[in-house]
Amino acid sequence: MSRRVTQEPRGKMLGIFKGMGITIKHVFRRAVTFQYPDEKRNDIPERFRGELKLRRMMGVNDEERVETTKMPPCMATCPSNMKIREYVGLISEGKYTDAVVVMKEDNPLVLICGRVCPHPCESNCRRGDKDEPVAINNLKRFAADYDLKMQRAGKIKIKPPKKKKDDRVAVVGAGPAGLSCAFYLAKAGYQVTIFEKLPVAGGMLMVGIPEYRLPRDILQAEIDQVLALGVELKLNTAITGLDNLFKQGFKAVFLGVGAHKPIKMGIEGEDLEGVVAGETFLADVALKNKFKIGKKVAIIGGGNTAIDCSRVSLREKAKNVYILYRRSRQEMPAHEVEIADAIDEGVDIQYLVSPTKIIGRDGKVVGIECVRNELGEKDARGRRRPVPVPGSEFVIEVDMVMSAISRVPEVDWLNKTNVEIHTKRGTIVADRITGETSMPGVFAAGDVSLGADIAIAAI
């Protein structure tokens, strides 16, 4: 049962004492985090104008879920619209497992997101208007880790729903979108089978994010939680058509195949030995495939993939690693903390630089020719365009070049189906709310319909 909070005057001292009571109750056990809404109560001093749904502070029973009348900015900014106020309130009371239950209403991969999400919610936290945002992501990670600890201790068990539906659903792709779809379908009682062409589940979470950022045991634990609901997983199983799935008795098909195809740079020398896609390099490392790392590596791009490639290259014993980015650090799309970590580890990031040609000798990379840029007018996305500076060309001696500029879905296998593909973007055209495609019974979400994006957007 839910109810809205009515802000009736309760007296200045009563509000203070109750606020102090909650603080004293928790101060010796954990940090207490308050989120401050825009609405102001004139009868409570500013220090105690905290999140109104904290239980008992405003006369709200523990059993009741408190909802606000409008979506908070933190919740609105989250691609999954997670109920942030609610689970932060539960965490502040030590109800960590209950908090995870609330989290998983909108996001089944909270262990993963607690480690890799760039938490746009925090940039729109109202508390940040006063001093610093609430540490939403760290709180989420803490509660999810506690919940996993309880599972491993046997105190929490995940069980499939007792009532099963007769309908079967095929999920193509075991990345964040596919796993999320399977989770909610299984919870609703549907019989779900995931088909994954790789030898491992996780999609880009497994083959695109380095282990130092997302430990494999954590990733596998979250995958196992989905499978524990009765979901069947078939690895090394590529799907090349949709008709056969319907012939097998599946009533619906969900396409969550991601965007794994790297975009080429379009410059001379791209076919030389020693030029690889950053995504391919990260996948080879993750899958423990054989590969040869260069001694001097240049990485083209400014996103998280470029940063990951640079830091993994150093871990694979490359001596000199360069990132060449065509704009300034301010426009760099990678997370600021990742950029700082890469620099601390010895990565040489060169800003306002664009590659113009990869230089080869005997079919192998020996250098990369670049030009310096200056920023011009803003483009359609609001970022200033890089404009080459005449006569500023220079060469960097390298023996390996990685492209990490972007990636697109592999959808050629859908050409013989009725699934509509976006002409320019190469993504599946799907309804943003329902996921429906132009082919009846076929749905799509995640990178395959949105384009390459962060994990929480796919979820």
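What the table shows:
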quantity	calculated
Pick from region 240-258, criterion in a loop (DSSP other than H, G, I, E, B) and of a type in the set (A, V, I, L, M, F, W, C), ranking: farthest from MET439 (Cα to Cα)	VAL257
Listing of strands (runs of 3 or more DSSP E) fully contained in region 347-416 that carry 1 or more residues being within 24 Å of LYS317 (Cα to Cα) and over 29 Å from the mean Cα position of the chain (by Cα)	353-361, 364-378, 394-396
Selection count, region 157-182, where residues are hydrophobic (A, V, I, L, M, F, W, C) and in a loop (DSSP other than H, G, I, E, B)	2
Residue in region 427-434 that is of a type outside the set (Phe, Trp, Tyr), out of contact with any Phe, Trp or Tyr (no Cβ under 6 Å at 6 or more places or on another chain), surrounded by fewer than 21 Cβ atoms within 10 Å (Cβ to Cβ) and part of a strand (DSSP E or B) present	no
Qualifying position, being closer than 26 Å to PRO176 by Cα and charged (D, E, K, R), among ASP284, ASP271	ASP284
Whichever residue in region 445-459 is among the hydrophobic types (A, V, I, L, M, F, W, C) and in contact with a helix residue (DSSP H, G or I) (Cβ under 7 Å, 6 or more places away or on another chain) and, among such residues, is modelled with the lowest pLDDT	ILE459
Residue that is farthest from ASP453 (Cα to Cα), among those in region 151-171 that are surrounded by 15 or more Cβ atoms within 10 Å (Cβ to Cβ) and in contact with a helix residue (DSSP H, G or I) (Cβ under 7 Å, 6 or more places away or on another chain)	VAL169
Condition met for ASP348 (in contact with a strand residue (DSSP E or B) (Cβ under 6 Å, 6 or more places away or on another chain) and among the acidic types (Asp, Glu))	yes
Candidates LYS165, LYS157, LYS140, filtered to the one that is over 26 Å from GLY446 (Cα atoms), out of contact with any Pro (no Cβ under 8 Å at 6 or more places or on another chain) and not hydrophobic (A, V, I, L, M, F, W, C)	LYS157
Complete set of residues in region 435-459 that are under 20 Å from LYS251 (Cβ atoms) and crowded, with 23+ Cβ neighbours inside 10 Å	THR437, VAL442, ALA444, ALA445
Conditions (1) of a type outside the set (Phe, Trp, Tyr); (2) more than 26 Å from PHE291 (Cα to Cα); (3) touching an Asp or Glu at 6+ places or on another chain (Cβ under 6 Å): number failed by ARG326	(3)
Which listed residue is touching a helix residue (DSSP H, G or I) at 6+ places or on another chain (Cβ under 7 Å) and not hydrophobic (A, V, I, L, M, F, W, C), from GLY89, GLY114, GLY94	GLY114
Region 100-134: number of residues that are charged (D, E, K, R) and not in a loop (DSSP other than H, G, I, E, B)	5
Residues satisfying the stated conditions in region 417-426, i.e. within 28 Å of ASN244 (Cα to Cα), within 28 Å of the chain's Cα centre (by Cα) and assigned to a loop (DSSP other than H, G, I, E, B)	VAL419, GLU420, HIS422, THR423, ARG425, GLY426
Any hit, region 311-326, residues being assigned to a loop (DSSP other than H, G, I, E, B), in contact with a Pro (Cβ under 8 Å, 6 or more places away or on another chain) and at pLDDT 95 or above	yes
Residue count for region 284-308, restricted to those that are within 23 Å of the chain's Cα centre (by Cα) and within 22 Å of PRO386 (Cβ to Cβ)	9
Residues satisfying the stated conditions in region 135-156, i.e. aliphatic (A, V, I, L, M) and assigned to a helix (DSSP H, G or I)	ILE136, LEU139, ALA143, ALA144, LEU148, MET150
Some residue of region 335-345 being buried (at least 21 other Cβ atoms within 10 Å of the Cβ), touching a strand residue (DSSP E or B) at 6+ places or on another chain (Cβ under 9 Å), assigned by TED's automatic domain parsing to the domain that holds ARG372 and under 12 Å from ALA298 (Cα atoms)	no
Only one of ALA342, ALA298 that is part of a helix (DSSP H, G or I), under 15 Å from MET402 (Cβ atoms) and not hydroxyl-bearing (Ser, Thr, Tyr)	ALA342
Scan of region 175-197 for residues that are touching a residue at least 60 places away in the same chain (Cβ under 8 Å) and under 25 Å from ASN304 (Cβ atoms), ordered by number	GLY175, PRO176, ALA177, GLY178, LEU179, SER180, CYS181, PHE183
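The values are calculated or read from the model by the stated rules, or taken from the named source; none is laboratory data. These numbers were taken from a predicted model, which means no experiment stands behind them. Note: ideal-geometry Cβ built from the backbone for every residue, glycine included; neighbour counts use all protein chains shown.
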